[in-house]
C-alpha cells in the first residue's frame, strides 16, 4: 500500500502546520498534499511548496456528498482540527469513505484522563477530552473500517511543550521576561510525558510513509519524560534567568474544577484552553499520572525520529 495523496484538515493550525511542514519536506516519499483551511484564514507557512494545494472550506456547512467530491483521489485523510469545528470530522470521514480513502487519522494527539473528585466513587472526564473520545470512538467503529475498506491510525502524545502562544502553559517560550514562573499543581518532582510539536509532525508523516506499520494501530510518541523541578534546572541553566516554582496543592485543582472563577486571577484568560482544563492537566502531571508505560509508547517504530528533549530545545532556543 502507498499513501501518496494526502488531505490535511486544519493545515494552518498549531498541529496542522507542523504536519504540513513535515509532509512537504519529507525525504522518504513524495506526497501530494491538499491543505484544507477555514475561509479567510491565513495560509499555512508551507503553502508555497510545489506539492501543496491550499483549499478553503467551511467545514461546518459542507455536506457528506460535497466532502466526497473534494476527496476524490485522496489516499489518506489527516484531521488536525480542534475546538467546535472538530465535529466536522464526522462528515469528513463519511465523505472519505464514499470517496474510497484508504486511511483515516483522526485528531487524537493527546492523553486523556479520568478525573476523580474527593469522596466521590464516580469518575468524570473533562468535556474537551470527552469530545475527543466520542469522535475517536466513532472513527474506529466507522462502517468503512469495520468492513475493511478503510484503516485508521490513532496517534497520542504527551503535553505539547513548545506552544509559543501559551504564555502560562509554556512560559519558557517567552523571551522578553526578567524571570520565569512555572505553575505546578501537586508534586514538582513527579515526571510527565511531553512532546515537541515538530517531532509530532514528523511522526505523523512517518506513519503515512510506512502504512503497513501504522495500519489500525493506537500509537503514542513522547519526546521527553521529565519533572517540573528538572525543567526549572534546565531553564535556569540555558536561559541564565531566575526560575520560580509556584506550587499549589492538589486541593486547588478540585476547587477550580468545581468553580473555574476560583482560579488565581493571573492564570485566568491566559490560554486558548479553559482554566479548569489547564488545572486538570497540571494536576494529572503533579499527581504522577500524566505518562504512559514503556509498552504503550511507540518511538521505536520509527527510530529515525530523534525526540527533542527539553534540554535540546532550551539549547537551541537560548
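Restricting attention to the stretch 97-114, does a residue exist that is more than 22 Å from residue 151 (Cβ to Cβ), touching a strand residue (DSSP E or B) at 6+ places or on another chain (Cβ under 8 Å) and outside the structural domain of residue 282 (by TED's automatic domain parsing)? Yes, that holds for at least one residue. Taken together, 8, 20 contain a single residue that is in contact (Cβ under 8 Å) with a residue 24 or more places away in the chain, part of a helix (DSSP H, G or I) and in contact with a strand residue (DSSP E or B) (Cβ under 8 Å, 6 or more places away or on another chain), which is 20. Which ones in the stretch 137-181 are surrounded by fewer than 19 Cβ atoms within 10 Å (Cβ to Cβ) and more than 26 Å from residue 81 (Cβ to Cβ)? Within the stretch 137-181, 171, 174, 175, 176, 177, 178, 179, 180, 181 qualify.
Under 17 Å from residue 141 (Cβ atoms) and in contact with a strand residue (DSSP E or B) (Cβ under 8 Å, 6 or more places away or on another chain), is that true of residue 77? Yes; evaluated as a whole, the condition is true for this residue.
Residues of the stretch 1-55 that are at pLDDT 95 or above and on the phi > 0 side of the Ramachandran plot: 10 alone. On inspection, residue 175 qualifies as over 20 Å from residue 253 (Cβ atoms), in a loop (DSSP other than H, G, I, E, B) and either touching a helix residue (DSSP H, G or I) at 6+ places or on another chain (Cβ under 9 Å) or not assigned by TED's automatic domain parsing to the domain that holds residue 300 (or both).
The values are calculated or read from the model by the stated rules, or taken from the named source; none is laboratory data. All figures in this text were calculated on a predicted structure; none of them were measured in a lab. Positions of Cβ are generated from backbone atoms using ideal geometry, with glycine treated the same way; all protein chains shown enter the neighbour counts.
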